[in-house]
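What follows is a single structure, written as structure tokens, with notes after it.
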Amino acid sequence: MNYFITSRQDLHTSAIELAQVKRLRIFDHLNAPATIVTMLYNFDHQTIEEKLNVSGRVLNLYQFYQQLPYHADPTVDQSIIKQALAVPACQVKDNCALRNGKVRVRVNFRNGRLYYIDYFDQYGFTNRRDFYDQGCRTYTEYFEDKGRLIARQYYDHNGQVKIIYHYRGGEGNVPILTLIQLIDQGQEWQFDNEVEFRAHFLDELVGDDSQSILISDRSNIALKSFTLMKKPARRYQVFHSAFTDNGQSNGPISAIYQPISAMLTKGQLTGLISATDQEAQDAAKRFQTNHSYGIPVTYLTSTELAKEIPLAYRQTGKFIAVARLSKIKQLDHIINAIIRLHHDFPQVTLDIYGYSDSWNKNQTANALKSLVKGNNAEQYINFVGYCDDLSAVYEHAQAEILTSYYEGFAMAVLEAQGHGCPVISYDINYGPADIIDDQQSGKLIPPNDQEALYQQLRKLLEDPKLAKKYAQNAQKAAQKYHFDHVALKWQKLINNK
């Protein structure tokens, strides 16, 4: 069996999780059984799996041990709610049970389903909180008088406690995980942290099948656990972004990847997978391994590559950027270029597709929106947000623009080229130069050269023949990412024992 390991699948599905879904299709084609493994709890698992068409193809750590009998029918929630609110000497009002005018039980909903039930003491402190997942009690959280979490216990399909997380107060009264207990197969296992727990889980998945392949798509989720595994299995780390802090092959290796050389030497890691051949070569040198593979994270089907997209669809001056609103994407470079262009070409517009990086409290997104507003550009520069299907967007744009500081592959560039959309991109590591046929399907310009970016976009607006040439060659440039070509690369890795 082959396992693709990640954190979880979100409704706003990231490129990494989309790449895993694409990989599933390739492994199916190769008759290599595979499943996606998620390590974090996710209440939206059913909705997302249906959306991504991977129902029954995702294995979650908690679901593996809990085996809950999920109920699709929301009416099952009502019997649970009725029982929870039937507290002696209490009155039921607005999904609450009140005693002497004080709330002792409160029911909370999420997306129309029962989410959790709070239980309060006489002073209004939360004693416990029962969480529900599709009509099943999945776990309970217990709190002390300052509202700090002290324990979380997960239940199995019989309502028995299966997993217990224990917490103690740390600096600033922030709960710190100190112990995990797993009651499984008549034994109690103890783990000091989630790294140990995940390693145990992966060992159980692998069993004695030495032919199993574990592919870590999220290094922060699986890489450390690989070092603690006891069962034989081939283990690979995928670089979805550059393996150095600055995207340069000789730059400082990112902290999360620094243990890799030792892991390769000790046999805790079998090899490395990069999205481009160039990064695979660079990684082989930096980590001193002969097991470094360049395999694209996505592909295009024959149907997609054969689709005819009339040139008449393309709207002169309609530019797009497909990227998270994060600092590394340098979207301000594009915004400044569009503002300059708009003075001479009033038909110019820019639509930015992507969600905000919330980890820095949306500072980058707020700064970008302030830049647009401060230049009175809100009428022609739009922050559209995350969209599941950008096919029509790619097919109507005159060009996509990419100005990242570095990339791992630039999936959006391939998607654009596959839809006949020219791309103007900084010539960075890694991806754009592999995907774009320079001066044929788009243009590669020196990294961070904002003046060159402006001039190239201006040239595209002034020269209809050039714009036509790029559009006519875009799908041709994408041919090297045909499904069959990418599948062959995976076949070689699987066979390389």
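Just so you know, all these numbers are worked out from the coordinates, no wet-lab data involved. The structure presented is a predicted model; accordingly, all values stated were derived computationally and were not measured. Note that each Cβ is placed from the backbone with ideal geometry, even for glycine, and that neighbours are counted across all protein chains shown.
Numbers at a glance
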{"quantity": "Most to least packed among 258-265, 460-467 [average Cβ atoms within 10 Å]", "calculated": "258-265, 460-467"}
{"quantity": "Euclidean distance of C-alpha centroids, the range 1-73 and the range 215-229, integer Å", "calculated": "17"}
{"quantity": "Value of relative contact order over the range 201-328, rounded to a whole percent, pairs C-alpha under 8 Å and six or more apart", "calculated": "18"}
{"quantity": "Cα→Cβ-extended label distance, 7 Å offset, between residue 375 and residue 156, nm", "calculated": "6.1"}
{"quantity": "Dipole of the chain, positive direction: furthest Cα of 256, 365, 100, with charges on the beta-carbon", "calculated": "100"}
{"quantity": "FRET E, pair residue 290, residue 386, Förster distance 35 Å, beta-carbon r, rounded to 0.05", "calculated": "0.30"}
{"quantity": "Entries in 285/492; 51/468; 361/459 that, when Cα-Cα distance is taken, lie over 29 Å", "calculated": "51/468; 361/459"}
{"quantity": "Cβ charges +1 (Lys, Arg) and -1 (Asp, Glu), total dipole of the range 76-193, debye", "calculated": "540"}
{"quantity": "Nearest-ten-degree value, helix 194-206 long axis tilted from longest Cα axis of the chain", "calculated": "80"}
{"quantity": "For the chain: relative contact order, % (alpha-carbon pairs under 8 angstrom, 6 or more apart)", "calculated": "10"}
{"quantity": "Gain on full stretching of the segment that runs from residue 255 to residue 316 - 0.36 nm per residue minus C-alpha separation", "calculated": "17.5 nm"}
{"quantity": "Options 170, 193, 181, ranked by Cα towards positive dipole end of the range 149-195, top entry (Cβ charges)", "calculated": "170"}
{"quantity": "Helical mean residue ellipticity (222 nm; -39500 (n - 2.57) per DSSP H run of 4+; nearest 500) of the chain", "calculated": "-9500 deg cm²/dmol"}
{"quantity": "Antiparallel bridges, percent of DSSP beta bridges restricted to the chain (to nearest 5)", "calculated": "50"}
{"quantity": "Label-to-label distance, nm, for residues given as residue 451 and residue 64 (7 Å Cα→Cβ offset)", "calculated": "5.6"}
{"quantity": "Unit charges on C-beta of K, R, D, E only; dipole of the chain, Debye", "calculated": "380"}
{"quantity": "The chain pair-distance distribution - Cα-Cα, 10 Å bins, rounded %", "calculated": "4, 16, 24, 23, 18, 11, 4, 0, 0"}
{"quantity": "Size of charge dipole - the range 339-497 - debye, nearest 20, with Cβ of Lys, Arg +1 and Asp, Glu -1, no other charges", "calculated": "220"}
{"quantity": "Listed peptides 216-224, 7-15, 475-483 by packing density, highest first (mean Cβ within 10 Å)", "calculated": "216-224, 475-483, 7-15"}
{"quantity": "Hits among aspartates and glutamates - C-alpha to C-alpha of residue 82 under 13 Å, sequence gap 8 or more where chains match", "calculated": "94"}
